[in-house]
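**Student:** Just passing along the structure, written as structure tokens.
The values are calculated or read from the model by the stated rules, or taken from the named source; none is laboratory data. Not measured: the values here are computed from a predicted model. Because the Cβ atoms are built from the backbone with ideal geometry, glycine has one as well, and the counts that use them run over all protein chains shown. Side chains are part of the model used for accessible areas, which takes the heavy atoms of the whole protein and leaves out ligands, DNA and RNA. Shrake-Rupley method; radii C 1.70, N 1.55, O 1.52, S 1.80 Å.
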Amino acid sequence: PARPGTAAAGRTASGRPASGQGGADAPAGDQTSTEPIVLPTQGARRIAPVRPLRRPETVDSPATPVRDRPDAPTGAGPPATSTEPYTEPLTPAGARRKFRAARRARKLYEREEVRRFTWRSRRRRAIWLVSLGVAAALAGFVLIGAYSPLMALKSIEVVGANRVPSAEVQAALGEQLGTPLPLVDFAKVKKELSRFTLIRSYVTESRPPGTLVVRIVEREPIGAVVTPAGFDLVDAAGVVIQSGAERPAGYATIDARAGAGSTGFQAAAAVIAALPDGIRGQLDTVTAATKDDVTLTLIGGARVVWGSAEKSEYKSVVLAALVVNHPVGSVGEYDVSSPDSAVLR
């Protein structure tokens, strides 16, 4: 029998059985070897030895400090670390800083809310302020233009005057010089220009800083009316443009028995205005007893029966064609009262 503390008989020092001694002949009580069984490795995977499982150890939760467990001894070991973040202790200075920061944040939030809910009223207020500013600027500009000597009238320019002397028109309006342009008295300007009978109409134009332009449309004479004193050169409205003892050259004599303001005179004036320049230059006398009885006399003695002033443009075209085909002297009378069926006599 083997002695305690020595290897079993028949085994080597490494624990393997000696040559010639099989493990099967050993008694059952002596089989205490822990050597693993090695299987053949040819053509098969090597299987790792199976290790015994360890019994899991019980680990205390880190969230529970050791000193708080009922089985922990008093004063044993250092205190366990807490999982909550570390916070600095609140001091009076820190509390004041936090209070100021909270108050600023509150004011900022309230300001944003006020802006969000009052943007429509702020926009309306801005529009009103801009409108008032523009109105004030315009009012200031008008006041400056009205009362400032920079906008005073310094010159008067007359345009379109032919028969009317421009110097006389400027002299008539000379009282307006020195007056600011917005304060020019146009009623007085009209009164002064109405004294010139040759002016049919006019238009004024202000050119800052100090010029007033007067555009004149003069009356156009159409013929001469016989008067006891001689002849009066008149326009289509019967306004006398020039008077003289002799007949004005280049103008026909208008014989209107009812006067210059009668319907016969108006019909004769309409016929003269419709005549072409070639026929008007040959015109000697226009007689109009009524508005439907207008008769023309050409230089050379030929008469033209015109009738009423209706379709005067058409009658003028027909008369011009008749005069070309039948010159004055070869025909005694041209009847164009019915222009579609003119008659030569």
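**Student:** Sorted by mean Cβ packing within 10 Å, highest first, what order do the peptides 150-163, 259-272, 289-302 take?
**Tutor:** Going by the mean number of other Cβ atoms within 10 Å, highest first, we get 259-272, 289-302, 150-163.
**Student:** At 1.4 Å probe size, with the rest of the protein present, what percent of the exposed accessible area of segment 221-344 is carbon and sulfur atoms?
**Tutor:** 53 percent
**Student:** Kindly report, to the nearest 10 Å², the accessible surface of Ser194 as traced by a 1.4 Å probe over protein heavy atoms only.
**Tutor:** 80 Å²
**Student:** Give me the percent of the accessible area of segment 150-218 that comes from carbon and sulfur atoms, probe 1.4 Å, all protein chains in place.
**Tutor:** The computed percentage sits at 54.
**Student:** Counting only protein heavy atoms, what percent of the accessible surface of segment 97-147 is carbon or sulfur at a 1.4 Å probe?
**Tutor:** Numbers: 3230 of 4840 Å².
Roughly 67 percent, rounded to a whole number.
**Student:** Taking a cut-off of 27 Å between Cα atoms, list the lysines near Lys191, but don't count ones fewer than 8 places away on the same chain.
**Tutor:** Lys154
**Student:** Leaving out ligands, DNA and RNA but keeping every protein chain, what accessible area does Tyr334 have, in Å² rounded to the nearest 10, with a 1.4 Å probe?
**Tutor:** Probe radius 1.4 Å; accessible area of Tyr334 about 0 Å².
**Student:** Based on the Kirkwood radius over alpha-carbon pairs, what value in µm²/s does the Stokes-Einstein equation return for the translational diffusion coefficient of segment 221-344 at 25 °C and 0.890 mPa s?
**Tutor:** Estimated diffusion coefficient is 170 µm²/s.
**Student:** Please list, in chain and number order, the residues 5+ apart from Gly307 or on another chain whose amide H is under 5 Å from its amide H, with Hs placed from the backbone.
**Tutor:** Val294
**Student:** Kindly provide the trypsin sites (Lys or Arg not before Pro) of segment 187-222 that DSSP labels as loop, not H, G, I, E or B, and whose Cβ sees at most 16 other Cβ atoms within 10 Å.
**Tutor:** Of the trypsin sites (Lys or Arg not before Pro), the ones in loops of segment 187-222 whose Cβ has at most 16 other Cβ atoms within 10 Å are Arg195.
**Student:** Per residue, how large is the accessible surface of segment 150-218? Use a 1.4 angstrom probe and give square angstrom.
**Tutor:** Dividing the accessible area of segment 150-218 by its residue count gives 56 Å².
**Student:** Moving to a separate point now. For the pair Thr285 and Ser330, what calculated FRET efficiency results from E = 1/(1 + (r/R0)^6), where r is the Cβ-Cβ distance and R0 = 25 Å, to the nearest 0.05?
**Tutor:** About 0.75, to the nearest 0.05.
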